[in-house]
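Rule-based calculations on the coordinates, nothing more; no lab input. Keep in mind it's a predicted model, so treat the numbers as computed, not measured. Glycine also receives a Cβ, built like all others from the backbone with ideal geometry; neighbour counts cover every protein chain displayed.
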Amino acid sequence: ANRSAVRRARPCLRLAGRRRSSPIAMADGPHAGARSDVPRPRPRTPSPVRAVAECKKTPAPPRDFDLTPDTIDVIYAEDEEVFRETAVRELLKVGFLRQNIREANNGLEALEHLAKIQTEGNLTKPVMVLLDVRMPGMDGRECALKIQEMVKQKQLRREPYVICISSIARQVEVDEGGGNFQIVLPKPINVQYIEDAFDHLRKWWTLGLCRQLPAWKTFDIDKIDLLAADDEPLCRMSAQMAFNQAGVLTDSTSDAESKEEMLEQLVEGQVGDASRPWVLLLSSEEWARIVYDWVEEQRQMQSLRRAPFVICTSVDSERMCSSASNELFHVFLPRNFGQEDVKWSLDYCRLWWLTRSVEAYSKPSEGQDAFSDAGSDQELSDEEQSDGD
């Protein structure tokens, strides 16, 4: 019985042997049509945020309060080579060393440099991070938010001093309130601006003088106030229902069926809880223009406590014009939007909420060693429409 079993197995063994000697199997690469013909995924780039988190168990180095520019590690993110070269020359004039300046093309590369210098460089000295607002991939706002969120979670051994470089700024601003930056410098920067920033960095490092940042706010979907404004009940109801299914509480949802009622709700919303994001669903550019003009009027009077995050929910393309929609809405949903689109818009709202502040800035009283909670009502949103960057 054993011999017959061996005889039956021999053809299979011979076939297997021929397959092993097949020129296709011995080829260096996969043959067309095989599963292995699909390109293998390249190794994923390690996340800079994850790399930083892995360093958090190491105790923070002691602080050296004797600060000079030649001992400061600098990370400079700017996608325009001309501005980057100019800024580096100005930094060298102030006294910063070329070997201590790390350049990046966007916010993601800046985070990679920040992860590396957690365990290298001048460990007892501060880190100065300069971020341009508009950059491809990850812009300055999002990068600053990521940095401040890591600071809040105590993931950084070396906490950076984050500086914004803005083409719309006309002077050095310490209380700008428009993002997760400690200070804003006009673009292009010069020696005087850098010296002013370094003076504030010294006070921040030695005395703890700083402003509280928008990243210290919280964002939870179940803590969003929602207003759906539309003269068509069906559109209004369907938009509300989509966001309620995404996690927005029904008790926090209201609606308006006319322009007058919408304006009344906007006024009433100003006395609401300023720590809660306020989302406005609109499907008409005419109504969005009314909201935009009202918000700008409140800004000029310095009475805006809560700015709405405006989402376009138009399901009929004929009801939407395209002339100036880019400044009236923060987010456009597709014609037949679903839950994935709603969740994407809410995630964009989270980024907007944690990178901007609209509350009026009140200067600290005499003898108070900290900036106030929010910052001025000037935002850096004009930067997105500036061509000078």
Quick one: which residues, 5+ away or cross-chain, put their amide H under 5 Å from the amide H of Gly179? H built at 1.01 Å from N.
Ser357
Would region 171-225 count as rounded, prolate or oblate if I go by the C-alpha gyration tensor, calling it rounded below 1.5 in a/c and otherwise prolate when a/b exceeds b/c, oblate otherwise?
oblate
Ser166 long-range amide H proximity, modeled H, under 5 Å:
Leu185, Lys187
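Return the subset of Lys154/Lys223; Lys93/Lys116; Lys116/Lys146; Lys187/Lys217 for which the Cα-Cα distance in this structure is over 22 Å, preserving the input order. List each step's numbers first, then the result.
Details: Lys154/Lys223 25 Å; Lys93/Lys116 26 Å; Lys116/Lys146 16 Å; Lys187/Lys217 28 Å.
Those over the limit are Lys154/Lys223; Lys93/Lys116; Lys187/Lys217.
Highest mean first, what order results for 160-168, 268-276 on Cβ atoms within 10 Å? Can you show the working numbers first?
On the way: 160-168: 23.0, 268-276: 13.2.
Packing proxy ranking, top to bottom: 160-168, 268-276.
If you place +1 on the Cβ of every Lys and Arg, -1 on the Cβ of every Asp and Glu, and leave all else neutral, what size is the dipole of region 146-238 about its Cα centre, to the nearest 20 Debye?
Dipole size: approximately 640 debye.
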Shape call for region 65-176 from the C-alpha gyration tensor, a ≥ b ≥ c root eigenvalues: rounded (a/c under 1.5), prolate (a/b greater than b/c) or oblate?
rounded
Going highest first, how would you order 327-338, 190-201 by mean Cβ packing within 10 Å?
190-201, 327-338
Give the separation of the Cα centroids, region 95-112 to region 132-168, in Å.
13
Sum of side-chain charges, Glu195 neighbourhood, beta-carbon under 12 Å (Lys, Arg +1; Asp, Glu -1)
-1
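I need the shape label for region 235-300. Rule: rounded when a/c is under 1.5, else prolate if a/b > b/c, else oblate, with a, b, c from the alpha carbon gyration tensor. Each step should come with its number before you reach the end.
Values: a/c = 2.05, a/b = 1.31, b/c = 1.57.
Here region 235-300 falls in the oblate category.
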Sequence ranges 256-262, 76-82, ranked by mean other-Cβ count within 10 angstrom, highest first:
76-82, 256-262
